[in-house]
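One structure is given below, encoded as structure tokens.
The values are calculated or read from the model by the stated rules, or taken from the named source; none is laboratory data. Treat the numbers as computed from the prediction; the structure is a model and nothing was measured. Here the Cβ is made from the backbone with ideal geometry for all residues, glycine too, and neighbour counts use every protein chain on show. These accessible areas exclude ligands, DNA and RNA; they are computed on the full protein's heavy atoms, side chains included. Shrake-Rupley method; radii C 1.70, N 1.55, O 1.52, S 1.80 Å.
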Amino acid sequence: MIEFKILALLSPNGFDERFWEFAKETKTYVEAYEKTENEYEKHFGKRKYSDYNSYRNCRDRRIKRKNSI
């Protein structure tokens, strides 16, 4: 059975939460992103985002949209 924290990676918010957990352990956000992507790829067989900039742009749009409501 797949752990909840792994299934949570499927949602954008779950991916963000895992990213911030890794950000506490790494020196850069790019490293945290790569650790999160590697975990996602290990369990789901593909990457969620093409690269860190793609992830950051999507995350920033979600934050902006959430704040404008």
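Residue by residue through segment 1-26, note down the ones that are in contact (Cβ under 8 Å) with a residue 24 or more places away in the chain and more than 20 Å from Ile63 (Cα to Cα).
Ile2, Ile6
Within segment 43-60, can you find the residues that are open to solvent by 60 Å² or more (accessible area, probe 1.4 Å), in contact with a helix residue (DSSP H, G or I) (Cβ under 6 Å, 6 or more places away or on another chain) and free of Cβ contacts under 8 Å to residues at least 24 places away in the same chain?
If the condition is that a residue be open to solvent by 60 Å² or more (accessible area, probe 1.4 Å), in contact with a helix residue (DSSP H, G or I) (Cβ under 6 Å, 6 or more places away or on another chain) and free of Cβ contacts under 8 Å to residues at least 24 places away in the same chain, then Arg47 is the only one that fits.
Consider segment 1-21. How many of its residues are among the aromatic types (Phe, Trp, Tyr), within 19 Å of Asn53 (Cβ to Cβ) and open to solvent by 20 Å² or more (accessible area, probe 1.4 Å)?
Here the count works out to 1.
Touching a residue at least 12 places away in the same chain (Cβ under 8 Å) and open to solvent by less than 100 Å² (accessible area, probe 1.4 Å): is that true of Tyr29 in this structure?
no
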